[in-house]
Amino acid sequence: MKHASPSIAQQTHNKYYGAGGFGAIGAFFGNYANFTGRSTRREYWWLTLFASLVSFIVSFAMIMAVIRLIMAHADELNQKPSLGTAMGWLGGMVVMLIIVCIAYLACLVPSIALGVRRFRDAGVHWGIFAALEVIDLVAVFVFLNNAKVMYLISVPIAIIMLVIEVLPTKNPPTDDLSK
């Protein structure tokens, strides 16, 4: 994986600054809890693309597994299914859900760190990122039973965050060693 030059790494507090392609995935986990640095749009969006593709594949696999289980046991659906069959269906789905939850939790801290670094690189204070995330989280829990209000809060927050995340780098680092 390509590292940033020592000068740029020092200025951005990110030795993977500007990583792209599969290097962005390595940078994501290499900066696991780096909340102090900066990350380029390239690094952010390559990881977003990778995460979206993985989410699509996992969702597709889970849907196909459910369809396969239903088709394989279609005859049993007309009858009272045995306890063993029901436990097999449930067990397979629980295992898949546990794996997805573990992967989600493993990526939670680096995702927040990447968001903070991306906001900082765009010239927006990291506190704005934190405030938007807290407001969104509170809205989800407070308005759990009122989806319309929850979406009226969450969708504008998502749009604001998207706009900030597509902003160009403010004060890009230079590879000038005389600084």
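The values are calculated or read from the model by the stated rules, or taken from the named source; none is laboratory data. Quantities reported herein were computed from a predicted structural model and do not represent experimental measurements. Methodologically, a virtual Cβ is constructed for each residue, glycine included, from the backbone with ideal geometry; neighbour enumeration extends over all protein chains shown.
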Requested in this report: Can you run down the residue pairs with Cβ atoms below 8 Å, 6 or more apart or on separate chains, where the first is in the range 142-159 and free of Cβ contacts under 8 Å to residues at least 40 places away in the same chain and the partner is in a loop (DSSP other than H, G, I, E, B) and surrounded by 11 or more Cβ atoms within 10 Å (Cβ to Cβ)?
Outcome: Val149/Phe143; Met150/Phe143; Ile153/Phe143
Query raised in the report: Restricted to the range 18-35, and to residues that are without any contact (Cβ under 8 Å) to a residue 40 or more places away in the chain and not small (Gly, Ala, Ser), which residue is surrounded by the fewest Cβ atoms within 10 Å (Cβ to Cβ)?
Result: Phe22
Report task. State which residue pairs qualify: first residue assigned by TED's automatic domain parsing to the domain that holds Ala61 and surrounded by 11 or more Cβ atoms within 10 Å (Cβ to Cβ) and inside the range 80-106, second residue in a helix (DSSP H, G or I) and modelled with pLDDT of 80 or more in any location, beta carbons under 7 Å apart, and separation of 6 or more residues or different chains. Result -> Met96/Met62; Val100/Val58
**Report entry** Given (1) buried (at least 16 other Cβ atoms within 10 Å of the Cβ); (2) assigned to a helix (DSSP H, G or I), number of the condition Arg38 does not satisfy
**Finding:** (2)
